[in-house]
Structures are given as structure tokens and as C-alpha cells.
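Please read the structure below before turning to the comments.
Just so you know, all these numbers are worked out from the coordinates, no wet-lab data involved. As the structure is a prediction and not an experimental result, all values here were calculated from the model. Glycine also receives a Cβ, built like all others from the backbone with ideal geometry; neighbour counts cover every protein chain displayed.
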Amino acid sequence: MTLPRILSALILLFAAPAALAEEVVTSPDGRITVTVDVNGEGRPFYRVEKDGAPVLTDSRLGFLLTDQDKLERRLKVVGAARASHDETWEQPWGEQRFVRDHHNALTVRFEEDSEAARKFGVAFRVFDDAVAFSYVFDDASMGETVRIAEELTEFNLAEDGTAWWIPGGEWNRYEYLYEKTPISAVSVAHTPLTFRMNNGTHVALHEAALVDFAGMWMKRTTGTNFRATLAPTGSGAARAVRDTPFATPWRTIRISDDAAGLAESLVELNLNAPNKLGDVSWFKPHKYVGVWWSLHLDEETWGSGPKHGANTANVKRYIDFAAENGFEGVLVEGWNIGWDGNWFFNGSDFSFTEAYPDYDFEELARYAAEKGVPIVGHHETSGDVGNYEAQLAAGLDLMAARGVKTIKSGYVTDACNLRYVHPDGSETRECTESQVMQRHHLKVVTEAAKRRIAINPHEPVKDTGLRRTYPNWVAREGARGMEFSAWGVPPNGPSHVPTMVFTRLLSGPMDYTPGILSLEGRGQPLQMTMARALAEYVLVYSPIQMVADLPEHYAEHPGAFQFIKDVPADWSESRVLDAEIGEYVVTARKDRNSEEWFLGGGADEKGRDTRVALDFLDPGKTYRAQIYRDAETAHFQGPTRFDIVIEEREVAAGNTLDLRMAPGGGFAVRLIPVEG
Ligand code: NOJ
Ligand code: CA
């Protein structure tokens with residue numbers, strides 16, 4: 001030890017620990033407070049309070065490293081910098097046109113009391129609806145490269161309550177029904193991870209700007225204490241490796257008095273960098289149809305043969321149907337060589353440039369252009385990322401040449417079984433959230449952007465707000481989608497969407513593929529009423545909404561189908577008016593391109609009576625309300641699931657609409673300003 005170090009150690013010894021001032025930062029409205037400090041062992045921690053009541057109790061910060069001593073003890077606070085920020089920015093499309101980023105910032109600098117005297121920062125941002133922080137490794141004392149074995153960040157919930165969660169790292173990725181358990185009964189969970197504490201405070205843990213880093217799972221350690229768990233890597237080495245300087249993804253904690261506040265927060269968008277793609281007016285939000293539900297019903301096949309869905313004549317039929325009804329895309333799955341045999345296991349067979357002989361891609365591109373309905377491309381990888389990357393440029397070039405504006409991709413394989421080929425030619429099997437997979441997804445998105453193509457991955461990595469930086473990453477799956485209503489055991493139940501609004505959908509747009517008006521899967525009924533099937537276009541936000549049923553099924557339900565034709569896919573405002581997680585939700589959205597408002601409601605298997613106050617309407621205007629609601633007889637189980645009432649009424653701001661949601665039901669309303 002050098003003399004100054006001995007002296008500073010002595011000073012530390014003689015200064016009572018309590019005298020080391022805590023660093024505090026508060027939200028702009030003063031309700032949320034974050035306190036940062038080190039304890040007597042030099043372990044850094046933070047805690048969060050709302051209105052003086054604890055939300056997170058002392059929660060430690062730090063890392064295990066593969067080639068350095070753990071970074072978590074013998075630390076002292078050596079500096080703190082503060083700033084405030086208030087800016088409103090515009091989304092090119094979205095659930096909300098203008099987004100306000102209003103927060104107070106505190107960056108705390110830590111230094112280790114060791115020979116190496118390692119230094120790093122933790123940057124906190126406190127919003128009215130959330131707390132976020134990111135570790136900043138910007139000092140040479142950390143070495144040129146930081147190799148992270150595990151993240152030790154804790155999130156210690158102040159009290160027990162209810163949690164809604166899906167297991168982290170399990171084989172079916174994010175495609176699980178949500179568990180509803182005590183907070184103290186969660187095991188390892190994916191984020192967004194949603195809680196309602198016994199005192200009523202709602203909390204959701206997630207992350208923002210997951211770029212070139214391992215995704216974070218949440219592991220309950222003891223009681224109501226959670227710890228970050230970084231997704232492992234197939235090489236078995238460090239879970240995240242980065243050269244300095246760098247900052248980790250943001251760890252986010254949404255905090256709200258009610259469920260609605262959780263859903264309305266856009267904190268992860270605010271923590272991502274602004275658009276790096278420049279002009280993205282080449283993408284327009286839209287609805288699309290596709291050779292898709294027929295495949296899940298097993299009426300047509302992906303692979304070649306007599307039932308091959310992706311044949312030229314069939315696709316022309318879908319193009320005609322889209323053109324007649326104002327939809328702006330036709331997804332074609334099974335167009336390319338590789339689907340024959342058991343495609344789940346044959347990822348290396350997929351060609352991204354060779355079509356099956358009965359799919360005349362060139363002619364279809366011509367026909368699609370003539371009708372103004374582009375083909376939506378499809379790139380299923382079956383988890384063979386190496387095979388996909390080897391063909392990526394050629395595959396994207398072909399789609400661009402065929403006038404494709406959006407590509408749906410797919411990564412169907414068990415979690416942590418993605419085949420990844422490294423630059424040196426070596427192969428590993430990776431998890432969806434592994435660091436290298438984040439490189440892969442951004443590579444696809446940025447290569448597609450160069451060709452003015454939007455990307456919609458299924459079996460994707462979770463959304464962490466990157467659509468702000470890369471707007472062509474327009475949507476993704478990342479939960480149990482409608483396909484489970486076709487063949488899922490069990491199928492998606494009535495509470496699935498009212499739960500997803502406060503879990504999966506907190507992270508961003510989902511290609512849920514609603515609109516199955518036949519209310520029938522592959523030999524199993526859908527667990528919803530007709531009015532509810534319509535409501536899901538309002539409840540689930542995506543700038544690409546599939547009109548997922550077969551054309552012949554829409555012909556059988558012209559009344560309800562009208563709502564699907566009318567509902568937009570781009571909004572200037574979105575509000576959750578009333579909700580209890582997993583029980584019911586009522587959402588209002590305003591069309592981005594008109595003065596119309598839309599309402600959607602959905603209830604669990606108990607149903608719900610709601611009174612919707614129309615105080616969001618323009619006070620000077622009268623509106624024609626086109627109401628699609630459950631009939632008195634409607635019930636999600638049995639033949640009365642088709643019972644719908646479609647009616648019109650005149651309403652004005654300040655009126656209320658009494659809308660009863662049947663068990664597994666809901667409602668959809670279009671509010672059109674009346675001229676004059
Ligand atoms: C799973 C996707 O979620 C589904 O939409 C798609 O049809 C299949 N994979 C085949 O790619
Ligand atoms: Ca899927």
C-alpha cells in the first residue's frame with residue numbers, strides 16, 4: 001500500500017460509515033426517490049421509494065468477472081453528477097405520436113479500495129413512471145476488455161403480492177401461458193416481469209437497449225428478492241464480453257399506482273438512442289393477410305405436395321382478397337425450398353433464394369405490384385442462424401427485387417439450441433438472449449434497412465425499445481400468439497390478452513395475428529367471443545396487424561369483418577382506461593390519420609360490466625359510435641361465442657357507454673366525428 005492509500009484507508013476508517021453521504025435523485029413530480037450508497041463492506045446498493053413507501057429495499061449492484069476479482073466490494077462513492085432532461089420527440093409511427101422524455105439523472109462514480117483502484121459509474125434516470133440505470137465502464141482501470149461471468153444486480157421487492165410471469169430460459173422460449181403466483185413463488189422469469197405488491201403499487205422489471213450484451217433473466221433468490229441472471233453463451237465462457245468504454249443495457253423498473261400506468265409508460269423507448277436510419281417513410285403501418293392460418297389448420301402445407309399453400313394461383317387469390325378489402329400485404333409461408341421433411345429439425349436445408357416450382361415469385365411480384373398489394377416475405381430459419389447468415393444478403397436482395405417491404409422471420413427451435421456460426425467458423429448453440437444473438441438480430445435489421453425492408457421476427461428476442469433506433473424492426477412475436485388457438489394445448493384462454501397487455505406488451509408491438517372470425521382452430525374452438533376477436537385489434541398494438549383468418553371465413557361474417565377493415569394500425573394517442581391485470585382491460589386509441597377514436601375491451605372467463613367515460617373525446621364534437629358488443633347470450637364456450645350485437649349511437653364527450661363483456665368476451669367501438 002502506498003502512503004496516500006493508507007491515509008485514505010485511515011480516513012475511511014475514522015469516518016463513521018453513516019457520514020458517507022447517500023446520493024439521492026427524485027422523479028420530476030417528486031414522488032419517486034432513488035438512493036444510492038455503499039454499505040459498511042463497501043458493497044454498492046440502491047433503493048427506490050414512492051411517496052415515501054419502499055418499492056425496492058437496498059438492492060446490490062455489481063458483477064462477477066471471469067478474469068478479474070468480482071466487482072462488488074471494497075467500493076466507495078467518489079463522485080456524483082446530476083442533470084435534468086425534458087424533451088418531446090416524435091415516433092414515425094406508433095401507439096403514441098409524441099413521447100415525452102422527462103427525467104432527472106444521477107451518475108454515481110465508484111472506486112475500489114484496492115491496488116487496481118478500479119473505477120466505474122452507474123447512471124440512474126428517474127422518470128415519473130419509472131426508474132432506470134445502466135453501468136458505465138469508461139475507465140482504463142477496468143482493462144481493455146471486460147468479461148462478465150454474471151451480473152449481481154438485485155431488485156428486492158419491498159413486500160409480497162402477485163406476480164405475472166413466464167419461465168426464463170425454458171425450452172419454449174416466450175411461448176408460455178402466464179403464471180399468476182405470489183411474488184415469493186416466482187422462480188426464474190423472463191422480463192417484462194410484472195408485480196402488484198400488497199400495498200397496490202404495480203411494478204414491472206425489464207431492460208432497454210439490449211445491444212451487444214446478454215439478455216437479462218430474473219431469478220428470485222429468497223423471499224421477494226430478485227437478481228439479474230444473464231443468458232449463458234454456448235461457448236461456456238463469459239456471458240458478455242465488451243471492450244471499454246461501454247455501458248450496459250438499461251435496467252428498468254416501471255412503477256405505477258395502477259395497472260394502466262404500467263401499460264402507458266414508454267420508458268424503454270426513451271432510453272434508446274434516436275432513429276439511426278434517417279428517412280423511414282418507405283414503411284407504412286398496414287394490415288396484411290396471408291397463406292398462414294390454413295397451414296396451422298393443416299388444410300394446406302408449408303412443404304411441397306398436393307396441399308402446398310404457396311402456389312401461384314392460391315397466392316393470387318389472397319392478393320385479390322387483400323386488394324378488394326384495403327389490406328396492404330400478403331404473407332406467403334412455405335414459398336421456399338427446405339420445408340419438406342421435419343422442418344423443425346432441418347434448418348440447414350432452408351434456401352432463402354430458391355422457390356418451390358409451383359410458386360412463380362416473379363409473376364407474383366408483377367401481379368402484386370399491379371394490385372398494389374406487396375408480398376410479405378418469409379424467412380424461417382428453424383434456429384439455424386449460421387445457415388441464414390450465410391444467405392442473408394442474397395435472401396434480402398431477392399425480396400427487395402420482388403417488391404417485398406416486410407419480412408417475417410422465424411427461429412423455431414428449442415431455447416438455447418440456436419446454431420450460431422462465429423466469424424472464425426466455429427459453431428455454438430445459443431440462447432435467444434445470448435450476446436451473439438443480439439448481434440445477429442441487429443445484423444438482419446440493419447441489412448434489411450439498407451434495402452428498405454421492415455423485419456418482424458417470430459421466436460425473437462424480447463423487445464427492449466430498439467424500434468426507436470431501428471424503426472424498421474416494426475414488430476415481433478415473443479409470446480403465445482394466435483397459433484396456439486389453432487393447436488395449443490391448452491389453447492390461449494380468455495385471460496391471455498388481458499394479462500399480456502401488462503406483461504409481454506409492455507415491451508413493444510406484437511405480431512399477435514388476431515382476427516380469426518371463424519372462432520375455430522384445428523378441431524378446437526377459440527376461447528373468445530366474436531366481439532372480443534375484434535377488440536384484440538385495439539388491445540394489442542402493432543404497426544403491422546394480420547387479418548389472419550381465411551378469406552372464405554370473412555365472407556361468412558361481413559358485419560364483424562367491417563370493423564377489421566376500418567380499424568387503423570397507427571395511432572396518435574393510446575390510453576388504458578380501466579384494467580385489472582389478467583381480468584379485464586379497456587383501451588382507447590386515436591387514429592394517427594383522422595379524428596376517429598377506437599375502443600377495445602376484453603375480459604377473462606368471468607366477464608365484466610364496464611362503464612366507459614368518453615371524456616377523451618373532443619368536447620366540441622358529436623360522434624357516431626359503431627358498437628360491436630357481446631349479445632346477452634354470448635359466452636366464449638359453446639355456440640353462443642358467435643353472438644354479437646352491432647349497433648350505432650350518437651355520443652359526445654362526457655357521455656358514458658355501458659358495455660357488458662361476456663365471459664371471454666369484449667367489445668370494439670369506432671367513434672367517428674359527425675360533420676357539421
Ligand atoms: C412459428 C410462427 O410463430 C408461425 O407464425 C409460423 O407460421 C411458423 N413458425 C412457421 O414459420
Ligand atoms: Ca411462434
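Projecting the Cα positions of 93, 319, 237 onto the charge dipole of the chain (unit charges on Cβ atoms of Lys, Arg, Asp and Glu, taken about the Cα centre) puts 237 furthest along the positive direction. Working note: Cα atoms of region 529-676, range along each principal axis, descending, whole Å: 44, 32, 26. Shape class for region 136-295: rounded, because the ratio a/c of the largest to smallest gyration tensor axis (alpha-carbon atoms, square roots of eigenvalues) is under 1.5.
Rg over Rh for region 18-270 works out to 0.95, using Cα positions for both radii and the Kirkwood form for Rh. Among 570, 643, 424, sorting on how many other beta-carbon atoms sit within 10 Å of each Cβ, with the fewest leading, yields 424, 643, 570.
Counted residue by residue at 0.36 nm each, then reduced by the alpha carbon distance between them, the extension gain from residue 344 to residue 140 reaches 68.8 nm.
Is region 181-274 rounded, prolate or oblate when judged by the Cα gyration tensor, a ≥ b ≥ c being the square roots of its eigenvalues, rounded requiring a/c under 1.5 and prolate requiring a/b larger than b/c? Since a/c reaches 1.5 but b/c is at least a/b, the shape of region 181-274 is classed as oblate. The residues 577, 56, when put in order of fewest to most other Cβ atoms within 10 Å, stand as 577, 56. When the helices of the chain are scored as -39500 (n - 2.57) per DSSP H run of n ≥ 4 and the total is divided over every residue, the value at 222 nm lands at -5000 deg cm²/dmol. Simple point charges give the picture: +1 on the Cβ of Lys and Arg, -1 on the Cβ of Asp and Glu, and for the chain a dipole about the Cα centre of about 980 debye. Of all aspartates and glutamates in the structure, the ones whose alpha carbon falls short of 17 Å from that of residue 590, not counting any fewer than 8 places away in one chain, are 90, 95, 264, 536, 566, 570, 573, 578, 615, 618.
Gyration tensor analysis over the Cα atoms of region 274-321 returns equivalent ellipsoid semi-axes of 32, 13, 10 Å (largest first, whole Å).
Seen from all directions on average, the chain presents a Cα convex hull projection of 29.9 nm².
Of the residues 529, 224, 464, 656, the one with the fewest other Cβ atoms within 10 Å heads the list, and the complete ranking is 656, 224, 464, 529. A straight Cα-to-Cα reach below 26 Å connects residue 276 with the lysines 284, 287, 405, 408, 443, 450, 462, residues fewer than 8 places away in its own chain not being considered. Between region 226-241 and region 298-332, the C-alpha centres lie 42 angstrom from each other. Once the mean 1/r over all distinct Cα pairs of region 286-478 is inverted, what Kirkwood radius in angstroms do you read off? Roughly 16.9 Å, rounded to one decimal.
Electrostatic tally near residue 481: other residues with Cβ closer than 9 Å to its Cβ, Lys and Arg +1, Asp and Glu -1, net -3.
Per-residue extension of 0.36 nm, minus the Cα-Cα distance of residue 655 and residue 105, leaves a gain of 193.8 nm for this segment.
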